[in-house]
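The values are calculated or read from the model by the stated rules, or taken from the named source; none is laboratory data. Given the structure is predicted, the values throughout are model-derived calculations rather than measurements. Reconstructed Cβ throughout: ideal geometry from the backbone, glycine too, with neighbour counts over all protein chains shown.
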Amino acid sequence: MRHRGPRHRPRENKDKHRLNEEINVPEVRVVGPEGDQLGVLPTATAIAIAEEAGMDLVEVAPNNEPPVCRILDYGKLKYKEQKKAAEARKKSSTAQVKELRIRYRTDTHDLETKVRKARKFLVDGDRVRFQMRFRGREVVYRELGENTFKQVSEMLGDVATVEDFSPLMNQRMHLTLVPRAGVIAAKDEDASKNTGGKNAGEEVSPE
């Protein structure tokens, strides 16, 4: 039986994963392409099994004893990692700071309206900066302003974390919120499901 050509790459591996003959330990714990546990095998045997399947043996947990390796298509793995990195760069470059102004005495309805706007911005991946201005003798109500900012941060606590809270300076206070990472990821996942989109590649996991 003729095997598919091996994917041993005679190159300096600058990636974070060692693969195939770059894995220079006598034995490894092997996870199959479907996540099935193949047990501890001689490294040469594991490489041969990967070649037989037309795939690569990729080291995913080098600090384990023995190291954990997974049989998968390394090309698809790199494609997925590069796609994730590109999406992260895109989000970083397009993220904006949205500014909303509120008063220390903003009524409940107006405050809820501003919070709804902030929530939408945050879920879209933007930062939100709340600005509060005190006029003249209103600075004596600074504590009321701080309480309002605390209320805002609590109302948005499920989608945001506080990046910065600036104390009263030049009759202004600022509260800056940033999206929680899981919120953006959940939105992207929902969008993918709604459009029927699928990501290429395999998850690298020893489990």
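Within this structure, Arg129 passes the test of being in the same structural domain as Thr108 (by TED's automatic domain parsing), in contact with an Asp or Glu (Cβ under 6 Å, 6 or more places away or on another chain) and of a type in the set (Lys, Arg). Selection within the stretch 23-50: residues that are in contact with a strand residue (DSSP E or B) (Cβ under 8 Å, 6 or more places away or on another chain) and part of a helix (DSSP H, G or I). The member of this set that is nearest to Tyr79 (Cα to Cα) is Ala50.
Annotation note: of Arg29, Arg129, the sole residue that is closer than 21 Å to Lys150 by Cβ and buried (at least 16 other Cβ atoms within 10 Å of the Cβ) is Arg129.
Do we find that Phe130 is in contact with a Phe, Trp or Tyr (Cβ under 8 Å, 6 or more places away or on another chain), among the hydrophobic types (A, V, I, L, M, F, W, C), more than 30 Å from Lys16 (Cβ to Cβ) and in contact (Cβ under 8 Å) with a residue 12 or more places away in the chain in this structure? Answer is yes for this residue. The numbered conditions (1) over 30 Å from Val28 (Cα atoms); (2) in contact (Cβ under 8 Å) with a residue 24 or more places away in the chain are all true for Leu57 except (1). Residues in the stretch 104-132 that are modelled with pLDDT of 90 or more and of a type in the set (Lys, Arg) were compared, and the one that is nearest to Gly157 (Cα to Cα) is Arg119. Checked against (1) within 30 Å of Glu87 (Cβ to Cβ); (2) surrounded by 13 or more Cβ atoms within 10 Å (Cβ to Cβ); (3) free of Cβ contacts under 8 Å to residues at least 60 places away in the same chain, Ile102 passes all but condition (1). Within the stretch 138-162, the set of residues being surrounded by 15 or more Cβ atoms within 10 Å (Cβ to Cβ) and polar (S, T, N, Q) comprises Thr148, Ser153.
Residues of the stretch 75-86 include at least one that is modelled with pLDDT under 90 and within 23 Å of Val159 (Cβ to Cβ).
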